[in-house]
Every structure is written in C-alpha cells, then in structure tokens.
Amino acid sequence: MKRGFRRRRYLSLREPVTDAWFLVRNAAGVFRMLIKGTIPPAFRERLMLAVTGVYGCRFCTWIHTREALRSGLTAEGVTTLLDGTVEGCPAEEALAVLYAQHWADSGANPTPESARMLVDSYGKEKAQAVNLVLRMIRMGNLSGNSLDYLLYRVSFGRLKG
C-alpha cells in the first residue's frame, strides 16, 4: 500500500492568511501575554506539544521538544503529550491541554461548549492567551508540513521527512 504524505498541511492560500491575520489583529495580546507571563513557559510548551502531536510537524516536534525540556518538562512528559495523553500534566493545565488537542483536531474550530469551558475555567484573559498560543503553533505546524509536502512532491516521494 502506498502511504504518500499524510500529515496535515495548509490546503489553500486562504488558510495561512487567515491565521496570520488573526495574529496581526491580536499582536498586542501576544506581547501582553509574553510580558505579563500569562502563560508560563512550561505551560506554553505543553500546549504547543499537544497541537504538534495532532499535526505531526517534524520541525515543530524537534523545536518544542527542546524548548519543553529546557522549561522543565521531562522526556516522558514530552512523549506523552506528543502521543495525545495528558498523563503527568499538572491538574490545573490538563483542561487547557485537552482543549488544545480538540482545537487542533477540529482545524481551529472548537465546539462552542469547549471554548466556553476554557473561559469558565481560566478566565477570559488566560483563555485568550491560550488561543493565541494555539494559533501561533498551528501556523508553525501547518507551514512546516506544507514545506515538507513541497519537498515530498519535488523529490517524487523520496523525501518523506
């Protein structure tokens, strides 16, 4: 059976433009989140690994595994997040990590109930910060996978990543 290229990637020019425009519109929120430390580095990396586990970008996996280890996560913690589980995740972060997985799996279109639960659990400001982190890592993952797809195509399938 021929496997081909199976990772998620941008399928049209509209998708990365939409993601980039979201970040431009919310640039002040991104800087505020970083300056205020709304999302601590280890929590941010858990969210990013959860999304990367869904999208499967090899570049993001490498970068965020390194950053997660630097921020204090264990190798086992990284592996479990990339495998789609929240074992060992701090209880106060588990809901956001599960939301991140759902968010990525739904193509950045979570159910209204899950989005409401995120706000109810973390408050509006922290929920917005979580969504900013998710949008940033989605752009990285889908851009990386789109590049990988291009390499796959121009190499006639020899460069599978």
Carbon + sulfur, % of accessible area of segment 52-130 - ligands and nucleic acids excluded, 1.4 Å
56
What is the set of long-range amide H partners of Tyr10 at a cut-off below 5 Å, with H atoms built 1.01 Å from backbone N?
Ser146
Explain nothing, just the number: dipole magnitude of segment 24-161 about its Cα centre with +1 on each Lys and Arg Cβ and -1 on each Asp and Glu Cβ, in debye rounded to the nearest 20.
640
Rank these residues by their accessible area, most exposed first, probe 1.4 Å: Thr79, Thr65.
Thr79, Thr65
In whole Å, what are the Cα extents of segment 73-161 along the three principal axes, biggest one first?
49, 29, 18
State the cysteines of the chain left without a partner when partners are defined as other cysteines whose beta carbon lies under 4.7 Å away.
Cys89
Going residue by residue through segment 61-78, the Karplus relation 6.51 cos²θ - 1.76 cosθ + 1.60 with θ = phi - 60° gives ³J(HN,Hα) values, rounded to whole Hz and with x marking Gly or Pro, of 4, 5, 5, 7, 5, 4, 5, 5, 5, 5, 8, x, 6, 8, 4, 5, x, 5
Using the C-alpha atoms of the chain, what convex hull volume per residue, in cubic angstrom, is computed?
127
Per residue, accessible area of the chain with a 1.4 Å probe, heavy atoms of protein chains only, in Å², comes to 57
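The values are calculated or read from the model by the stated rules, or taken from the named source; none is laboratory data. Computed from a prediction, not measured in an experiment: that's the story for all the values here. Positions of Cβ are generated from backbone atoms using ideal geometry, with glycine treated the same way; all protein chains shown enter the neighbour counts. Protein only, heavy atoms only, side chains kept; ligands, DNA and RNA dropped before computing areas. Shrake-Rupley method; radii C 1.70, N 1.55, O 1.52, S 1.80 Å.
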